[in-house]
1. Here are some conditions: (1) under 20 Å from the mean Cα position of the chain (by Cα); (2) assigned to a loop (DSSP other than H, G, I, E, B). Glu156 meets all but one. Which one does it not meet?
2. For region 242-273, what are the residues that are among the hydrophobic types (A, V, I, L, M, F, W, C) and within 18 Å of Ala210 (Cα to Cα)?
3. Given Arg142, Arg96, which one is of a type in the set (D, E, K, R), outside the structural domain of Thr199 (by TED's automatic domain parsing) and outside any loop (DSSP other than H, G, I, E, B)?
4. Here are some residues: Glu53, Glu64. Which one is acidic (Asp, Glu), modelled with pLDDT of 90 or more and within 21 Å of Ala10 (Cβ to Cβ)?
5. Residues to consider are Arg46, Arg4; find the one that is closer than 16 Å to Leu97 by Cβ and at pLDDT 90 or above.
6. Looking at region 50-64 only, could you name the residues that are within 13 Å of Gly88 (Cα to Cα) and either touching a helix residue (DSSP H, G or I) at 6+ places or on another chain (Cβ under 7 Å) or not in a helix (DSSP H, G or I) (or both)?
7. Go through (1) part of a strand (DSSP E or B); (2) within 24 Å of Gly336 (Cα to Cα) one by one and return the number of the condition Phe178 breaks.
8. Taking region 66-98 as the region of interest, how many residues are touching a residue at least 60 places away in the same chain (Cβ under 8 Å) and among the aromatic types (Phe, Trp, Tyr)?
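The values are calculated or read from the model by the stated rules, or taken from the named source; none is laboratory data. In this text, all values refer to a predicted model and were calculated from it rather than measured experimentally. No Cβ is skipped: glycine too gets one built from the backbone with ideal geometry, and neighbour counts run over all protein chains shown.
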Amino acid sequence: MDDRLEARLAEIQRSFSEIESQLADPEVIADPSRLADLGRRHSELRQIVDLYELWSAADTDRAEAEELAEADPSVAEEFRELAEERGGEAADLLERLKLALVPKDPNDAKDVIMEIRAGAGGDEAAIWAGDLTRMYQRYAERLGLTFEAMDSHPSEAGGYSKVTVGIRGRDAYSHLKFEGGVHRVQRVPKTESQGRVHTSTATVAVLPEAADVEVDLDVNDVRVDVFRSSGPGGQSVNTTDSAVRLTHEPTGITVSCQDEKSQLQNKEKAFRILRARLLQREQERAQSELAATRRSQVGTGERSEKIRTYNYKENRVTDHRIELTLYKLDQVLEGGLESFVEAMAAEEAAAALAGD
């Protein structure tokens, strides 16, 4: 462990000890807000302190075993094996410790609003957008998250030209933030009589959902229009004006919701989407070097732009950002995204450490 990292860990240990003392202070106990803040910080630091103590014990055991192996030839082999075992454990713990030191994304704990749109490929692109929607629903279920349809525009051929969903639960954004971008599929469409492989795309945008206090939204700046819900081909699917369109006049952002039969419910969901878009806009402005813009996530939807390719013939999925290929497309489409998400998180952490 280098001196800079060791000094940083020593400072964290001091902070941890100070917080533990403060948590026992009657004045702090009597202040619920301060107690909650210190409790959260204590929990964050405990993970790092515990890992550091485990690493320190393993590294000490390694060093002592090496010394004993050198000092007594009769037990040298036994202690060399011990030194190797504890050294391996220390190396693993050090990597975990470095990851724990990476600053947390402030959006990680937020709920998510996800927009999925058909890209290049006509009807097949809309069908693919529907397949992706199902994949994310399965992934959310695996994580114990709540999946909620918010607004959808079905396609006559199946799937969606556009669909907006909400995903709620513990650390939802941390599990889904790497999904933004162009998703390319290579397969033989059901309508293809010659058996030729077609390439189509759908775009995904992942927005952290905003709490009311995070966005300065004046309802007087929002124009509310109501209209009748429509299905594939534009035909009316409701006899009342239950669909809602919001226009945020200062920014020109428009949001529509039509999936619920109640105008009030559609309006509530539309405001949630609008707040998420406004939050993203503010975060991009304040932290442009950290927050990827929605445009960079979805690009133009062209086939050549992609973050991931799904090849049905080879049962293959490739993430082009990290050059990771898995031959288990069937499992991925059932929500098995963990390998890609974990690899992307590790890549993000490595980049953060390199820039530290």
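1. If we test Glu156 against (1) under 20 Å from the mean Cα position of the chain (by Cα); (2) assigned to a loop (DSSP other than H, G, I, E, B), just (1) comes out false.
2. Of everything in region 242-273, those that are among the hydrophobic types (A, V, I, L, M, F, W, C) and within 18 Å of Ala210 (Cα to Cα) turn out to be Leu246, Ile253, Val255, Cys257, Ala270, Phe271, Ile273.
3. Selected residue: Arg96, the only one of Arg142, Arg96 that is of a type in the set (D, E, K, R), outside the structural domain of Thr199 (by TED's automatic domain parsing) and outside any loop (DSSP other than H, G, I, E, B).
4. Matching residue, one of Glu53, Glu64: Glu53.
5. Arg46
6. Leu54, Trp55, Ala58, Asp59, Asp61, Arg62, listed by residue number.
7. Phe178 satisfies every listed condition except (1).
8. Total meeting the criteria: 0.
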